[in-house]
Each structure stands twice: as C-alpha cells, then as structure tokens.
Amino acid sequence: MAHIVIIGAGLAGLPTAYELRHLLPRQHKITLLSNTPMFTFLPSLPWVGLGLTHLEKVQLEVGELVTKRGIEWLPEAVIQLNPYTQEVHTNAQVLEYDYIVIATGAELALDVISGLGPDNGYTQSVCNPHHALMARDTWQNFLQNPGPLVVGAVPGASCFGPAYEFALLADFILRQRGLRDQVPITFVTPEPYAGHLGIGGMANSSQLVTKLMADRGVEVLENTAITRITSQDIILADGHQLPFRYSMLLPPFRGPRFVREAEGLGDAKGLIPVLPTYQHPTFPSVYSAGVVTQLAPPEVTPIPIGVPKTGQMVEAMGMAVARNIALELGAISAQPVSPTLEAICFADFGDTGLLFLADPVLPDPETGKRRRAITLGGRWVSWMKTAFEQYFLAKMRWGSAVPWFERLGLRAMGLSLLETIPPTEPHPIPKDVLSH
Ligand SMILES: Cc1cc2nc3c(=O)[nH]c(=O)nc-3n(C[C@H](O)[C@H](O)[C@H](O)COP(=O)(O)OP(=O)(O)OC[C@H]3O[C@@H](n4cnc5c(N)ncnc54)[C@H](O)[C@@H]3O)c2cc1C
C-alpha cells in the first residue's frame, strides 16, 4: 500500500486527487491537504473584485466532496516538508508519504515593492479570495468618490490576463454608471509590449489588446517598472509619478515558505523544477503541478517577468502527475506522459472579450513558433467564460477531473492534455538511489 499526499486543493490539486483516486486501487491511500476548507475558481476573482459576482458562487466546500470519494481530507496548512525522510508537517501532525504532489499555487510576493498592497500597502489585488473581497469593498467606496485608476502588474509578475480583464471591465462598469469621464485609466505593465502576456505574444494578441485599450481610452505604459507606491502615487523607475485613487496591481508569484526552506527542493523563488514527468529531478518521491512548478520564460525581457500558468495548463500537469504515479505503482500500464501545455483562455471585458488558443502556450525554443495560435474577439467570449466557470465547478462537484466528453471535445479541436514522453527524454532517478 502506498500513501500519496497532495498539498493544495486548487485548480491543480483537486483534479489530481480525483484522477489518482480514479486510477489507483483502494488499497492505496490518498490524502488531500489544504490551508483552506474551500476550493476557489480563481479565474472568476476579477469579477468578485469588481462586484460582478459573489465569492460564494465560485467556491466549493472540499471536505465532503472528497471524503465520500475515498480521499482523506486534512484542512491544515503544511509548514514543513522533508524530502529526504519523506515527511510533511502541519501544526497538528506529521504525515509520512510514499509520493507527494506539491500543488500549493502561488504565494504572493507583496514585499518586493514598498507600498504594494493590499495587506500592508495601498493597492488592491484579486489573486486570492481574501484580496478579492478587499478589492470589492474598496471598489464600492471608489464608485462613490471616483478619481484616477491605475491597473497593471509590477516587475517579476507572470499572470497578466487578469490585469487586462480588470482594467477593461472597470472601464465597462464606469461607462455603464456614467462615471467614466471622472476616471482617467492608466495601465502599467512590465511586459515589453502590451499583449506579450509573458509568452512572447501570440497571433495578433498585441494588436488586438493595443486597439482595445486605445478604443476604450486607456493609456498604456508598457515596458514600465513600478519601483515604489505611496498612499497617493505610483512611482515609476524613470521617476514619473502616477496619482491614483484606486489601483489594482498584480504582484510576482513565488513558492510557499515550506518549499523555500527545504534545501534543494525549489529554486531561488521557491518554484519547483520538474522533469517532463513532473517529477522532481532530485527527489523521485516528489511531484509538482500548477503555478508552483518552474517554467522557463521563452525570452529575456528588459524588465524581468515570468511565464503564466493558466487553468488548462495546470490541470494537464495534474493529469500527467496522476498517470505517472499510477504507472510507478503498477496500477496502469502505459508510457510516462507529459502535459502538452496547450491552453484555451477566455478574457471577459464586459461587452466583449477575447479567446486565446495557444498550442502550446510557449513557442518552440528553436523555431520560435507554435503549432497553432488563435485570438478571437466578441461578446460570446464573456458568455463562454461564465459557462466554463460553471462547468468546472460542476465537475469538481461530480468528483471527475476530466470527463470523457471533455477529452472528446478537446480532441475535436485538435487539442489534448497529455502526450507520451519519447524514450529519449531524461528519465527519473531510480527511487533507491536517493533514499534518506
Ligand atoms: C486573478 C486570477 C485570474 C485568472 N484568470 C485565469 C483565466 O481567466 N483563465 C485561466 O486559464 N487561468 C486563469 N488564472 C490562472 C489560474 O487560476 C491558475 O492557473 C490556477 O488557479 C493555478 O492552480 P494551482 O492549483 O496551482 O493554484 P491554486 O488554484 O491557487 O490552488 C492552490 C491551493 O493550495 C493551497 N495552499 C497554499 N499553500 C498551502 C500550504 N502551505 N498548505 C496547504 N495548502 C496550501 C491554497 O490555499 C489553494 O487552495 C487566473 C489566476 C488569477 C490569480
């Protein structure tokens, strides 16, 4: 009997737990740990922050959903991990594991810029449920007393889509309320150009995004570093000051403290290096999925930025991890697999939206090209995003990671979550080489 522990019940961890339960015979024990009792569909948080939906509508209580499917549930934060002794610590207990899947998502590096909020600063964020609620309350006050709005991301950020979404949705709401002429909107981004998105741009993303911002009267400051924030101004690297009454700025992401403190587990930012199987290169009992995995940027940019890991990418990582662990335990017979890192993303801008299809998300390092890259716009994208949110929450309620009809639908679009690893790829170090 093996004990598999998964840390984090988010977009990567919860589907991984379901898929492992689906693949492994019941004699293998699966434990899911999370520092919160709730699953949150993070892509909907910009809507929560702008008061367009309620947080409860995009959350699920995890405990009962997983326990009735034979997954042990521990709503406790992991505070320490020893990959040599294969032990994981919470405040209440120590668990031993045969395999661990680290799927904690991002810790927000809010301390990299003085004044970056919301906890100890002046700006808002929509990167976790607590911040989205703070952003919403501040937004309601702002609507009573409007003024300059600054939206964007700071150097080192990797997830730019929600910033564009927030800026254009804010514009939409302000126009609806007849307040737009009282609110100059500035978008500040460390991306070398608008629409780069941390992936070197794709299809006509740059032209589309630039045109949308210009049509909506949003001033865009690209390739721009924010260095400091005071209660009234955002200070740029060239000394320029942007006054603001409301600001939503996305921070850089890093791995959780327990990864940063475990020697040899993560990189300088606490992100976890992985082989194509998503197994750790040094610790064969450690797998990782989601935002906490290390993914090299496709190019060096004048201001450092990271690579976004979108919902479909992290789900595919989880599926690969589940299959590769099942394979190691002899529960299935197949070849090791890797996530394809293809992605479809929907961005809602109120009365229109953009769909991005990147196959794969990162261009080929040699040719600089993707198999496919499509950007489409229209009102229907907003509806698709709502439909997708509801579908994702429904399948998490059903306890099914990727149902057969979803696989079929992806195949019909020429997409797939997983690919077999060619035999020439590096193989994991055998487990007995590195025990203790
Ligand atoms: C505002 C925003 C908007 C986005 N919009 C889109 C979009 O439109 N489309 C898209 O495809 N992607 C979008 N993304 C990206 C997508 O949400 C992420 O790819 C996805 O949530 C990452 O999944 P994850 O499991 O790695 O992290 P998460 O979903 O964050 O889950 C991690 C879980 O681990 C828990 N955890 C953390 N530390 C510990 C610990 N020490 N012990 C125990 N548990 C812990 C956390 O509480 C959390 O529940 C967006 C992201 C954000 C922030």
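No value in this document is a laboratory result; all are computed from the given coordinates. Bear in mind that the values here come from a model prediction, so they are computed numbers and not experimental data. So basically every Cβ, Gly included, is an ideal-geometry build from the backbone, and we count neighbours across all protein chains shown.
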Q) If the cut-off is 14 Å between C-alpha atoms, which aspartates and glutamates fall inside it for Lys369, apart from same-chain ones fewer than 8 positions away? A) Glu299, Glu342, Asp359
Q.
Using the Cα centre of segment 39-194 as the reference point, and only Cβ charges (+1 on K/R, -1 on D/E), how large is the resulting charge dipole? Debye, rounded to the nearest 20.
A. 740 debye
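Based on the Cβ-Cβ distance from Gln207 to Lys369, what FRET efficiency comes out when R0 is 22 Å, to the nearest 0.05?
My answer for the efficiency is 0.75.
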Q | Residues of type lysines that Lys68 reaches as a straight line, Cα spacing below 18 Å, ignoring anything fewer than 8 places off in the same chain | A | Lys29, Lys395
Q. What percent do you get for the relative contact order of the chain when only Cα pairs under 8 Å and 6+ apart count?
A. 19 percent
**Q.** Percent RCO, i.e. relative contact order, over segment 110-250, from Cα pairs under 8 Å lying at least 6 residues apart
**A.** 34 percent
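So in the chain, what percent of DSSP beta bridges are antiparallel if you round to the nearest 5?
Once the DSSP bridges in the chain are tallied, antiparallel ones form about 55 percent.
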Q: May I ask for the angle, rounded to the nearest 10°, between helix 13-23 and the longest principal axis of the chain, with both axes built from Cα atoms and the value confined to 0 to 90°?
A: 30 degrees
Q: Determine by what factor the alpha-carbon radius of gyration of the chain differs from 2.2 N^0.38 Å, reporting the quotient.
A: 0.97
Q | Per-residue [θ]222 nm for the chain (sum of -39500 (n - 2.57) over DSSP H runs n ≥ 4, rounded to 500) | A | -8000 deg cm²/dmol
Q. Among the lysines, which have Cα under 18 Å from the Cα of Lys269 when same-chain residues fewer than 8 positions away are ignored?
A. Lys309
(Q) Going by Cα centres, segment 317-349 and segment 2-70 are how many Å apart? (A) 17 Å
Q) Using the alpha-carbon centroid of each, what span in Å lies between segment 201-236 and segment 93-108? A) 36 Å
